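The structure under discussion appears below in the form of structure tokens.
The values are calculated or read from the model by the stated rules, or taken from the named source; none is laboratory data. It should be emphasised that the depicted structure is a prediction, and the values quoted were computed from it without experimental measurement. Cβ coordinates were reconstructed from backbone atoms using ideal geometry, including for glycine residues, and neighbour counts include every protein chain displayed.
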Amino acid sequence: MFLAIKEMKYAKLRYFLIIGIMLLVSYVVFMLSGLANGLATGHKQAITDWDASTIVLSSDSNKIANASMMTRSDLTRIQAKRKAAVGLLSTSSRLSGHSGKTNVSIFGAQENSFVVPSLIEGHKYSNDHEVIISANLKNDGYSLGDKIKLGNDPHAFKIVGISKSTTYSIQPVIYLNLNAYASLKGTSGELTTAQQPISLVAVKGQSPEATKITTHKSDAKLSKLSVNEFITNLPGYSAEKLTLNTMIYFLFVIVAAVLGIFLYVMTMQKISLFGVLKAQGIKNSYLIQSVVGQSLIVSVIGVVLAFILSVLTSLVLPAAMPFTVNTSEWLLYGAVLIIVSMIGALFSIHSIIKVDPINAIGGE
Amino acid sequence: MSVLTMDGIYKTFGSGHTLVTALTDVNLSVNAGEFISIIGPSGSGKSTFLTIAGGLQSPSRGTIKIDNLNLTKLNDRQKNDVRFNNIGFVLQSSNLIPFLTVADQFKLVEKLSHQSLQQRSEALLKSLDIWDLKDKYPKELSGGERQRVAIARALCHNPNLILADEPTASLDSDHAYEVVKILATEAHKNKKAIIMVTHDERMTKWSDRVYRIRDGHFASA
């Protein structure tokens, strides 16, 4: 390492530049990771908040929550201790007397079911015209006691509770009871309670395998799946994640190539020096260690600086930007970046071994 | 006591009608305390001679011994160790590492040889009058200073054999004489065996023996 460090001190500018490139690429990797996680969280947060294990959907829905149609009577067909009927709807919301609309995800659920989030303000809804909003709607001017209009429903709903910030389909979340949900679906009038629509049933603490569904001849077919499978099938979730992750994987290759080429060029410039050193009996292993060591130093410094810069950036990003710092993922990606940089250095090893010390004699 | 012994050394390259004989029947024995010069025009085989004497390539025939180690019987790794421990090289274009200060050149040898060379290198730098240059990089030195540092570098781990390849090639006459005198003094005072390869007749006057090499044939001058 002695030789490696001394050379880096001597040729500061070169190594600053390559550390700079390492820093920028690592920064992009961390930012993409933050965005990928931010988007993923934006899609699924409200679902993960439930802490459920199993989701039951209608079989016709092809595992897509928005396409799933069930009735409240279906709840009794599912054998589980803790189960909740959930209605799901994506619509717009506006404060009464205002014209500005906000897109929201609406969950219908009985007020005592486990899917209803705990509150940071107010109380749970106790009738068909009360709602709980997630705290991120406060940014749009919503507050406790306000009246809101949802979709084209004629009723006004009163905000009685506020839960912590959460999202579904990257939209803030509103909870209300199943009657209100049926009303939003435009079906409340002509249906009995048992016939009211719901989208899915969430089951807590019980795997899909352990969850039995009774199906009589006339019943619609239901499918059960794990929460993870359900999340993977959320619209856009997998595609966005795959796109951003693919960019990250490409960056790993780019890092290996950029650092590899840099070190290779540096090695080529030092071929005659390596010849002289080898003539003096300095071993290949020491010279290789030196190049790989430089790669290690450059990548560690670059990654650490990028890590710090990314954390600072995450603090100043606007709240509207879906960005989640996943420290363990950053550490993993940082380690991968360092490892691929070392792999990049391997390009140079062959050239070092090939140098014939004979060339050091005779001045050719 | 003989430090380097070369016995019936031949070196050929190629085969059949492309066969080139670079060295023919070289016999040489250099004792501790001897400074010998080998003189010859370019293409005479003196580089080949030096690479074989330095264990950088094997002769086609004959045996070569350094400090009683038979080089022809050693593998590459062992020859590497011999070069590192038993031989000091002074090369034409100076064997210094451009990104190390003079002091760090010695520190590298110290680290690789796992022995403390501080006192020795300090004494060498002082005796060669380059102590003041210890914090300078090679490019900040004059040609003569560089070769003096290179000689100190070759001597610092105390090898018995010094191989100098045209050490005066890039120097003006005054500095060239100075460098040769340093080599002669090292040989005589500190009992080193020193072989200097040169094409410059004037540099041989401090040598104990002078050999001429022409078309691979070795002869006493």
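Among the candidates A:Y175, A:Y264, A:Y181, the residue that is touching a residue at least 60 places away in the same chain (Cβ under 8 Å), surrounded by 13 or more Cβ atoms within 10 Å (Cβ to Cβ), among the aromatic types (F, W, Y) and in a strand (DSSP E or B) is uniquely A:Y175. The test for being in a strand (DSSP E or B), in contact (Cβ under 8 Å) with a residue 40 or more places away in the chain and touching a Pro at 6+ places or on another chain (Cβ under 7 Å) does not hold for A:V86. If the condition is being touching a strand residue (DSSP E or B) at 6+ places or on another chain (Cβ under 8 Å), β-branched (V, I, T) and in a helix (DSSP H, G or I), then segment A:19-73 contributes A:T41, A:I47. Taking the numbered list (1) part of a helix (DSSP H, G or I); (2) within 18 Å of A:T41 (Cα to Cα) in turn, A:P318 passes all entries but (1). Filtered by the rule that a residue be within 30 Å of A:S169 (Cβ to Cβ) and crowded, with 16+ Cβ neighbours inside 10 Å, segment A:294-312 gives a lone residue, A:S310. Where strands (runs of 3 or more DSSP E) fall entirely within segment B:24-90, those with at least 3 residues that are within 10 Å of chain A (Cβ to nearest Cβ) are at B:87-90. Tallying residues that are part of a loop (DSSP other than H, G, I, E, B), surrounded by 22 or more Cβ atoms within 10 Å (Cβ to Cβ) and away from chain A (no Cβ under 12 Å) within segment B:91-128 yields 0. Within the option set A:T193, A:T211, being among the β-branched types (V, I, T), surrounded by fewer than 22 Cβ atoms within 10 Å (Cβ to Cβ), under 22 Å from A:G108 (Cα atoms) and in contact (Cβ under 8 Å) with a residue 40 or more places away in the chain holds for one residue only, A:T193. Look at segment A:123-140: where a residue is farther than 17 Å from A:N112 by Cα and a partner is polar (S, T, N, Q) and assigned to a loop (DSSP other than H, G, I, E, B), sitting 6+ places away or on another chain with Cβ atoms under 6 Å, you get A:S134/A:S165; A:S134/A:T166; A:A135/A:S165; A:N136/A:S165.
Per the conditions (1) closer than 30 Å to A:W330 by Cα; (2) at pLDDT 90 or above; (3) within 29 Å of the chain's Cα centre (by Cα), the sole criterion not satisfied by A:I261 is (3). Take the conditions (1) farther than 21 Å from A:V258 by Cβ; (2) within 14 Å of another protein chain (Cβ to nearest Cβ); A:L13 misses just one of them, which is (1).
Is it the case, given these coordinates, that B:E201 is of a type in the set (D, E, K, R) and in contact (Cβ under 8 Å) with a residue 60 or more places away in the chain? Considered against the rule, which asks whether it is of a type in the set (D, E, K, R) and in contact (Cβ under 8 Å) with a residue 60 or more places away in the chain, B:E201 comes out as yes.
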